[in-house]
Amino acid sequence: MKTRITEMLGIEYPIIQGGMAWVAEHHLAAAVSEAGGLGLIGGANAPGEVVREEIRKAKALTKKPFGVNVMLMSPYADDVAKVVVEEGVKVVTTGAGNPAKYMKMWKEAGIIVIPVVASVALAKRMERAGADAIVAEGCESGGHVGESTTMTLVPQVVDAVDIPVIAAGGIGDGRGIAAALMLGAEGVQMGTRFVVTKECHIHPAYKERILKAKDIDTKVTGRSTGHPVRALRNDMTKRYLELEQAGASLEELEYLTLGALRRAVTEGDVLNGSVMAGQIAGMIHEETDCRTLIRQLIEDAEKRMKVWR
């Protein structure tokens, strides 16, 4: 299963692991890369030196390519942008902003830059800015979401740009990968599915909540603020939605979610924390290791595509 993405990134399979904040650390990133995909370290709001340490730990676990997701709204984004250059990171994905001001520095360092976008307009802008590929992420995904679904967004982005497109959002098995390729994508990015892997070192309660999720168990909060987030429903999402409906201020809503993702990921507070997960949570029924998972995903995708041919 070779595409422009596998060739560009030097990976065996066109599968990228999402750079999830508080979740995507060096163990997971290295395991995905070792299994033939592209692992990502999530920079989140971490200081540059913390990200540097994660990069070095990943290098100790794998000699294969891996990347870093730079969250552009982070107060440490400038430092992280320099750290990935200094540490010789091969691939950078970006979210929550425009990476244009870092593009020259990254390109001169030979870094492959892949922004995550939720619209055709932003995809075009990123191509003009020098992006090497695009992740088109539909609103089925976990965490911060846009408005368009993966099914509608991916083909429109594919038609709008000349660089390779990676599909994200709502992809959890081989059927999803095959469908994404049929839409014109040349790879997929998966987040929630990699959360429930043995190499993902988060609180077991977070994984268990995903394993028990049903198809209707995700909720989107924050639409009134302009920063919608998809997570599994719990006491926190219920209270948030009640406050939104009552017209609560931005300050009240932000206070409710302050540190909520960290509480869920590291402390296992799945009642009052933010259990970010995509709509595919209801499709995940077992924990496995990354190598077994990727092999199963590719075998299933290839089987589906042969049937269609």
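The values are calculated or read from the model by the stated rules, or taken from the named source; none is laboratory data. Keep in mind it's a predicted model, so treat the numbers as computed, not measured. The area values use the complete protein model at the heavy-atom level, side chains included, leaving out ligands, DNA and RNA. Shrake-Rupley method; radii C 1.70, N 1.55, O 1.52, S 1.80 Å.
At a temperature of 10 °C and a viscosity of 1.306 mPa s, determine how fast region 28-163 diffuses translationally according to Stokes-Einstein, using the Kirkwood radius over alpha-carbon pairs as Rh; express D in µm²/s, rounded to the nearest whole number. Could you put the intermediate results ahead of the total?
Details: Rh = 15.2 Å.
Calculated translational D: 104 µm²/s.
With protein chains left intact and a 1.4 Å probe, residues in the chain average 44 Å² of accessible area per residue. Pairs exceeding a 27 Å alpha-carbon distance, out of Lys63/Lys124; Lys57/Lys107; Lys107/Lys306: Lys63/Lys124; Lys107/Lys306.
Based on Cα atoms of the chain, Rg over Rh with Rh as the Kirkwood radius reads 0.94.
Past 22 Å, Cα to Cα: identify those pairs from Lys198/Lys219; Lys214/Lys238; Lys2/Lys198; Lys64/Lys207, in the order given.
Working: Lys198/Lys219 26 Å; Lys214/Lys238 17 Å; Lys2/Lys198 27 Å; Lys64/Lys207 27 Å.
From Lys198/Lys219; Lys214/Lys238; Lys2/Lys198; Lys64/Lys207, over 22 Å: Lys198/Lys219; Lys2/Lys198; Lys64/Lys207.
Take Leu61: with every protein chain present and a 1.4 Å probe, its accessible area is about 90 Å². Here Lys90 is the anchor, and the aspartates and glutamates within straight C-alpha reach of less than 14 Å, apart from those fewer than 8 places off in the same chain, are Glu7, Glu108, Asp132. Applied to region 216-221, the Karplus parametrisation 6.51 cos²θ - 1.76 cosθ + 1.60 on θ = phi - 60° returns per-residue 3J(HN,Hα) values of 9, 8, 9, 10, 9, 10 Hz, with x for Gly and Pro.
Each residue of region 119-166 gets 69 Å³ once the volume of the Cα convex hull is shared out per residue.
Starting from the residue with the highest accessible area, list His26, His203 in decreasing order, probe 1.4 Å. All intermediate terms of the calculation are to be shown ahead of the outcome.
On the way: His26 20, His203 65 Å².
Largest to smallest exposure gives the sequence His203, His26.
Taking amide H positions as modeled 1.01 Å from N, with prolines and chain starts lacking one, the residues under 5 Å from Ile41 and 5 or more places away or on another chain are Gly67, Val68, Asn69. Straight-line cross-link partners of Lys59 among the aspartates and glutamates, defined as a Cα under 18 Å from its Cα and at least 8 positions apart when in the same chain: Glu25, Glu34, Glu49, Glu86, Glu87, Glu199. Glu108 sits with roughly 130 Å² accessible to a 1.4 Å probe, with DNA, RNA and ligands left out of the calculation.
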